[in-house]
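Reading through the structure tokens given below for one structure.
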Amino acid sequence: MAFSFALVACLLLAVTSGRPQYADETRSALGERAANGSALEVDLGYEVYEGYSNASFGLNTWLGIRYAAPPVGENRWRAPQQPGNNRDEIIQANAMPPRCPQGPQAPIAASYNYTGSEDCLFLSVYAPANETDLPVFVWIHGGGYGGGQGNQDIGNTTAINHNSFVSVVIQYRLGAFGFLSSDEVHAFGDANGGLLDQHLALQWVQQHIGKFGGDPKHVTIAGESAGAGSVMLQAMAYGGTLGTSLFENVIAASPYLPMQYRYDAWQPSQSYYAFAQAVGCFPGRAHGNTSTTVLDCLRQAPTDALQNGSANVGASGTWGTWAFLPVTDGDFIRERPSQQLASGNVNGQRVMSGNNANEGAAFVIPDITTDADFEAWLRLEYPLLTSEDILQITNTYYPAANLSTIPYATCGDCGGPTVVNVGSSAVGSQQRALNLYSETTFICPSYWLAEAYSSSAGKQAYKYQYSIPAAQHGADLYAEGLRAETANVSPQFYEAFTAMWGNFITSNDPSIPNELANGNSSMAANAASDWPLFATEGSNAYSMLNLNETGGVPYSAHVVAW
């Protein structure tokens, strides 16, 4: 049973591409200098960067390339602007860029460091040496639209796939800096600034990735959690009217879909005024300025006050939530995902959509022990539910009898308990809440994405579930090569799953050789060697691969908020 809770639409300005223009003599002089310099110097027109060679992975690397002007002062809460001309020196691209200010999940730990730099709109490029026209992999980090940065190590993922693609890792505005929304922001700026940052970064890829050996016609965008939610929203951008102009393929690993309100609805408006009050900008005059509106005051406020305000408002929210999130703005995001994806209006050509078996454990308050607790949590977590909705949910996610005798396991179709009541980290009412949250927030969106592409003429979808216990949210990153290897993922599974991603990026099909799918042994045919297309009709309707492994050693892990 899938549920969608959200509201409707209004207006936002589109980001348009446009290359800065420079005098011919400046171009000529720099071109001569680059011709006589390092082969790793790349002239982007507005700036020149020199990368370095990573011999251990056979990759040329450029860290911290600016793709947008600093979003500070009057540029706060506006669509990102093209970077200015800075051609006085060659910039050494050998250090990770500063991260964006963080907007933490509630509750916030006392030791949490939420500071960052507002001048954070940078990306990094990892390119195999001496190659041209390679497919391109663009990674969008997760973190609830409030945390994270573009510091993922792409080396292992690329190496397992024989250095067969160019990778780009981007950063975007987070928390209140990227997702502040209200009537006033809509009228005098732009909501969804973080999504617009991503959009401009994708335009940058189209314009410049050929200089690094990439093929702009063969781009795959990917992400996990809010990164996958971002991928989903980029697939929906401008009503799905962009076709393949920015990307061809989409990988969405556990797409995060919290309640998506209209830009001026009560929840984003409440967060807007709480943020303004925390900064000292309500009703609008503070920090020595004479502004007459809240937004004017916020644009003139010092960055430390804004960063403190973003963190404090985030910390005061409902357990497991973020305060500042994407909204339906009527232009860039025109509908709720549950509505638009049902109509099949999406950008790109193919999707590889997945979820984990135990998504919700890090996001649900951990003291739900009774039916009354479960209902109270429902009303708090999903405030737009009616009494009829509550009744339907409690009847669907029903309690089982004699839970005290049930082990933390299920037995599939044997007539025993189901995941509604028993999971790898909880039983009873707590598990009911975990399962409901998992489905509404991650699992249903992964299905809606697959359905959107499978139902659109000429488009294709592949669907999977990551089930290596405990399969909590974010655990699949260890198997995708984007985090260090962990004890419960064998080297064979690690290689196989990473190769699935690589094959989708390079050849549009995640199928892998049968031997690799069977752990480098010659066993019977494995479905991963001929991955079935996802469909909503026919004998294999709603088929997906359930990714797991046998053997190994006992393993335990502490589930933490992502």
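The values are calculated or read from the model by the stated rules, or taken from the named source; none is laboratory data. Worth saying up front: this structure is predicted, and the values here are computed from it rather than measured. Using ideal geometry, Cβ is built from the backbone for each residue, glycine included, and neighbour counts are taken over all protein chains shown.
So the values come out like this:
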| read-out | value |
| --- | --- |
| Residue in segment 170-200 that is nearest to Arg99 (Cα to Cα), counting only those that are assigned to a helix (DSSP H, G or I) and aliphatic (A, V, I, L, M) | Ala176 |
| Any chance Thr220 is crowded, with 22+ Cβ neighbours inside 10 Å and either touching a strand residue (DSSP E or B) at 6+ places or on another chain (Cβ under 7 Å) or not assigned by TED's automatic domain parsing to the domain that holds Ala106 (or both) | yes |
| Extreme residue, surrounded by the fewest Cβ atoms within 10 Å (Cβ to Cβ), among residues of segment 99-116 that are over 24 Å from Pro80 (Cβ atoms) and of a type in the set (S, T, N, Q) | Ser111 |
| Cross-chain or 6+ apart pairs with Cβ under 6 Å, segment 383-398 first and in contact (Cβ under 8 Å) with a residue 24 or more places away in the chain, then outside any loop (DSSP other than H, G, I, E, B) | Tyr397/Arg432; Tyr397/Leu436 |
| Given (1) surrounded by fewer than 17 Cβ atoms within 10 Å (Cβ to Cβ); (2) at pLDDT 50 or above; (3) of a type in the set (A, V, I, L, M), index of the condition Ala68 fails | (1) |
| Yes/no for Tyr46 being under 28 Å from Phe332 (Cα atoms), under 22 Å from the mean Cα position of the chain (by Cα) and surrounded by 17 or more Cβ atoms within 10 Å (Cβ to Cβ) | no |
| Restricting segment 505-531 to residues that are closer than 20 Å to Ser467 by Cα and in contact (Cβ under 8 Å) with a residue 60 or more places away in the chain, the residue that is surrounded by the most Cβ atoms within 10 Å (Cβ to Cβ) | Trp531 |
| Residue check for Arg432: at pLDDT below 95, more than 22 Å from Trp531 (Cα to Cα), out of contact with any Ser or Thr (no Cβ under 6 Å at 6 or more places or on another chain) and not in a loop (DSSP other than H, G, I, E, B) | yes |
| Residues satisfying the stated conditions in segment 172-217, i.e. surrounded by fewer than 24 Cβ atoms within 10 Å (Cβ to Cβ) and basic (Lys, Arg) | Lys211, Lys217 |
| Residue that is out of contact with any Gly (no Cβ under 8 Å at 6 or more places or on another chain) and touching a residue at least 24 places away in the same chain (Cβ under 8 Å), where the choices are Asp190, Asp133 | Asp190 |
| Filter pass, Ala475 being surrounded by 21 or more Cβ atoms within 10 Å (Cβ to Cβ), out of contact with any Gly (no Cβ under 9 Å at 6 or more places or on another chain) and over 29 Å from Pro258 (Cα atoms) | no |
| Those residues of segment 460-470 which are out of contact with any Gly (no Cβ under 8 Å at 6 or more places or on another chain) and surrounded by fewer than 22 Cβ atoms within 10 Å (Cβ to Cβ), in sequence order | Gln460, Ser467, Pro469, Ala470 |
| Condition met for Ser269 (surrounded by fewer than 24 Cβ atoms within 10 Å (Cβ to Cβ), modelled with pLDDT of 95 or more, of a type in the set (S, T, N, Q) and over 24 Å from Ala176 (Cα atoms)) | no |
| Any hit, segment 224-245, residues being within 16 Å of Thr506 (Cβ to Cβ), of a type outside the set (Ser, Thr, Tyr) and either outside the structural domain of Tyr447 (by TED's automatic domain parsing) or in a strand (DSSP E or B) (or both) | no |
| Residue in segment 51-64 that is modelled with pLDDT of 95 or more and closer than 30 Å to Leu325 by Cβ present | yes |
| Conditions (1) modelled with pLDDT of 95 or more; (2) assigned to a loop (DSSP other than H, G, I, E, B); (3) over 30 Å from Asp509 (Cα atoms): number failed by Glu388 | (2) |
| Test result for Ala342, modelled with pLDDT of 95 or more, outside the structural domain of His186 (by TED's automatic domain parsing) and surrounded by fewer than 23 Cβ atoms within 10 Å (Cβ to Cβ) | no |
| Test: residue in segment 61-75 that is among the basic types (Lys, Arg) and in contact (Cβ under 8 Å) with a residue 60 or more places away in the chain | no |
| Members of segment 455-510 that are of a type in the set (Lys, Arg) and within 24 Å of Gln349 (Cβ to Cβ) | Lys459, Lys463 |
| Hits in segment 117-166 - residues which are small (Gly, Ala, Ser) and buried (at least 21 other Cβ atoms within 10 Å of the Cβ) | Ser124, Ala127, Gly142, Gly143, Gly144, Gly146, Gly147, Gly148, Gly150 |
| Where Asn345 falls short, out of the listed (1) free of Cβ contacts under 8 Å to residues at least 60 places away in the same chain; (2) under 30 Å from Lys463 (Cα atoms); (3) among the polar types (S, T, N, Q) | (1) |
